[in-house]
Structure formats: structure tokens, C-alpha cells
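Just below is one structure, and these are the notes that go with it.
The values are calculated or read from the model by the stated rules, or taken from the named source; none is laboratory data. Computed from a predicted model, the values in this text were never measured in an experiment. Note: ideal-geometry Cβ built from the backbone for every residue, glycine included; neighbour counts use all protein chains shown. All accessible areas refer to the heavy atoms of the entire protein, side chains included, with ligands and DNA or RNA removed. Shrake-Rupley method; radii C 1.70, N 1.55, O 1.52, S 1.80 Å.
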Amino acid sequence: MTPASAHTPTAPTRRRLLAAAGGLAVAPLLAACGSDAASSRSKSGESTGTWTFKDDRGRTVRLGKRPERIVAFVSTAAALHDYGVECTGVFGPSKPVDGKPNPQAGTLDVSKLTSVGQAWGEFGIEAYAKLDPDLLVSNMFPAPDLWFVPQESLKKIEALAPTVGISVARTSLLQPLRRTAELAESLGADLAAQQATAAKARFERAAETLRQAARANRGLKVLAMTGDPDNMYVAVPGSYCDLAYFKELGVEFVEGKKSDEWGFWEFLSWENAGKYHADLIMIDNRSTSMQAEDLAKKPTWRGLPAVKAGQTVPWSMEERYSYAGYAPVLERLAAAITGAKRLPA
């Protein structure tokens, strides 16, 4: 890929970039049904009638009973798992990375789930059909496109089961956390259970810890990024719900400028990696992004003040949208900000 400053990538290139560099999906404009947190059930949690849920596209799914065979994007499945709602299948990156669980899979035991595709564009229609799905769920970067659901297979996928989309772009993190909890509740989760209430309480404590850390270290500049062999991509914080929320808590971000119509990244050639000064760098932790070993091969990366000072922290760019998932993320960032110092430009 040539530097983005030279031209806008073609559509196929952009799709590969977004799957690897994670900005926004050029996935399907689904005309499927959606869903609303109003599941009809008894105190025991058993379905007593039709199931409905209105999703973040404003579309409502109506089924004769609560869906049981759910297939979801891996981090979405991981979030539902945190509430005790189990999926039958997943799609998206879930294989272990260097022998360790994939960070997008949370606490899921993916060995017990059927994967219908790991990489962008590899959604297996036949494998999906064999699961006899009741419902498909994914995130949206941004709405109305379902992440990792391929455009060319859209009609076949929609014909097999209704879909639900949760918007996770250009909003505050609190919104997809709330909506995912509502979806889980509609699917039978008990949000008043001790595990759920403890996770939310931990999240709220972590948010306050991050707020205090940012206040105590005012002026510390934080940059969120991902990379591939050709470019370093600086995040536009307002496009990401987690970064937007961290800003609400007082974290001061380097503001990348939109390089294309999608507006999630500023594309920098590696020769220009030092365009912005940052005291702390958040590095995309997904298996599709360049990690420390490969980044270290780039001289301009090694020369960045934050890198030389060891002031980097993983960025869980596609963390599962549950309080259990995000509490450790906030705690880790608060610790990194507390331990970082302002560096000379």
C-alpha cells in the first residue's frame, strides 16, 4: 500500500486495512431484522412467548421463542459469555496467539465453539448453515454494517437467521456496554446476579481510578495506534467509543486527522511516524496488528520518545463490550498513565 497521503486506498485495499487495522467495517448493509431489550419471560428466565429486540439500526427481530442457537462475532460472543449467555458458533479472530488465548475471545473456551471463519471475508456459509442458527449478532463499525459479515454473502446469511447489530463507533463506551447488557438480559441473563453486579461495580471503580490518574498527570499526551508493514495509523479518538470515553474521564489524546471518508485513522508512512509527540502510546493488541517484535524493526518507531522510554501499553481495540471485559482495560490504562512521565518533544 502506498502512503495514504498519496491517495485514498481502493475499496478492496481499504477492506483489508480495516480488518487488519480495525477502523470501520466495509461489511454488509444488512436489511435484516434487529432486536429490543424486551424479552417476554417468567421469573425463572424461561421464555413465555415471543422474543423481540430492537437493535442499534432501529430494526426489530420478532421470534416465536427466545433464540438459543446464537452465532456471534468473537468479542460479542465473549461479552455475552460474561453474562452467562452461550453461543453456538463464532466468527472473527479466535485462534490462540503465540500459545496464549486470543485477546478478542475474552474468557471464552473457543475450543468448544464452531468457528465459521477466522479472517476477513472468510465467513463460511455452509458451516454457518449447519449450525441451524436462530440469531446472528455482531458489532458495527459504524452502523448499519455488521463487522466481519461479508457483503457478497449478505443475502444468503440473512436468509438463514435474523441479525442484531450493536453500534460501537462514534459514541461513548457506556452505550455499547449498556446495549450488550440489555441484549444479554433479553437472552436470559440475570443482570442482578452477583457476578454481573460485581463486574459493573469494578468497572465503575476503575473508571474513577482512571479519572484520578488523568487528573494527577495533566498534560500527558496519549496516542492510540495500529500498524502494518507500510504504515502507522493514528486513531481519531472521537471515532472509537473506548477512546471517546477515556477522553470524557480526562485522558488527553493526540488527535489523528481523518485520512479518508471513514474517519477512523490518520495514515502515516513509517518515515513520518514521528509527526506527533506522545508521552504514552497505546498499541493495538489484536493478532492482525503489528506487535512489539515487528514494530521494533522500524527505525522510526524505535526512535519515538515514548518507545525509548518504555511508555507503551496495549490497546484492546476490539475488547468485548461487557463490564467484566472493560474493567481491567481501564485499570491497566490508569496504571500506565500513573507510571508515565511527560517526555521532552
Q: Work out how much length E293 to E86 would gain on full extension: take 0.36 nm times their residue separation and subtract the Cα-Cα distance, in nm to one decimal.
A: 71.0 nm
Q | Average Cα contact separation per residue, the chain, under 8 Å, 6 or more apart, as relative contact order % | A | 19 percent
Q. The list [x] 22.3, 67; [y] 20.8, 67; [z] 20.0, 63 gives values of Rg and Dmax of the Cα atoms in Å, and only one came from this structure; which label was calculated from it?
A. [z]
Q: State, to one decimal in nm, how far the label point of S172 lies from the label point of R69, with both points 7 Å from Cα in the Cβ direction.
A: 4.0 nm
Q. Roughly what % antiparallel, to the nearest 5, for the DSSP beta bridges in the stretch 139-282?
A. 55 percent
Q.
Springs between alpha-carbon pairs under 10 angstrom, Gaussian network model over the chain: which of Y83, Y326, Y276 fluctuates most?
A. Y276
Q | Angle between the chain longest axis and helix 323-339 axis [Cα atoms, degrees, rounded to 10] | A | 10 degrees
Q. Shape of the stretch 242-288 from its Cα gyration tensor (a ≥ b ≥ c, root eigenvalues): rounded if a/c is under 1.5, otherwise prolate when a/b > b/c, or oblate?
A. rounded
**Q.** Label zone at A309 (point 7 Å along Cα-to-Cβ), backbone N below 17 Å, the stretch 236-265
**A.** 251-255
Q) Quick one: of the DSSP bridges fully inside the chain, what percent are antiparallel, nearest 5? A) 45 percent
Q) In nm, what is the difference between 0.36 nm times the number of residues separating T50 and R62 and their Cα-Cα distance? A) 3.6 nm
Q. Want the number for R205 to H277: 0.36 nm per residue separation, take away the alpha-carbon distance, what's left?
A. 22.9 nm
Q.
Taking 25 Å as R0, compute the FRET efficiency from the Cβ-Cβ separation of K95 and K156 and round it to 0.05.
A. 0.50
Q: Using a 1.4 angstrom probe, figure out how much accessible area the stretch 106-190 has per residue, in square angstrom, rounded to the nearest whole.
A: 39 Å²
**Q.** D242 - accessible surface, heavy atoms, 1.4 Å probe, Å² rounded to 10
**A.** 10 Å²
Q.
Which order do the peptides 157-168, 51-62 come out in when sorted by mean C-beta neighbours inside 10 angstrom, highest first?
A. 157-168, 51-62
Q. Which lysines does K257 reach when only Cα atoms under 18 Å apart count, and residues fewer than 8 places away in its own chain are ignored?
A. K221, K247, K275
Q. Points 7 angstrom from Cα along the Cβ direction at T197 and A127: gap in nanometres?
A. 4.1 nm
Q: Relative to the longest principal axis of the C-alpha atoms of the chain, give the angle of the C-alpha long axis of helix 11-21, reported between 0 and 90° and rounded to the nearest 10°.
A: 80 degrees
Q. Of the accessible area of the chain, with the probe set at 1.4 angstrom, what percent is carbon plus sulfur?
A. 51 percent
Q. Past the 28 Å Cα-Cα mark, which pairs from K200/K258; K65/K112; K100/K298; K65/K155; K54/K156?
A. K200/K258
Q | Whole-number percent relative contact order across the stretch 257-345, with pairs defined as alpha carbons under 8 Å at least 6 apart | A | 30 percent
Q | the chain, helix-only ellipticity at 222 nm - DSSP H runs n ≥ 4, -39,500 (n - 2.57), divided by all residues, nearest 500 | A | -9000 deg cm²/dmol
Q. Summing +1 for each Lys or Arg and -1 for each Asp or Glu, what net charge is found among the other residues whose Cβ lies under 12 Å from the Cβ of R178?
A. -1
Q: Counting other Cβ atoms within 10 Å, keep those with at most 12, restrict to DSSP loop, and tell me which chymotrypsin sites (Phe, Trp or Tyr not before Pro) in the stretch 107-209 are left.
A: none
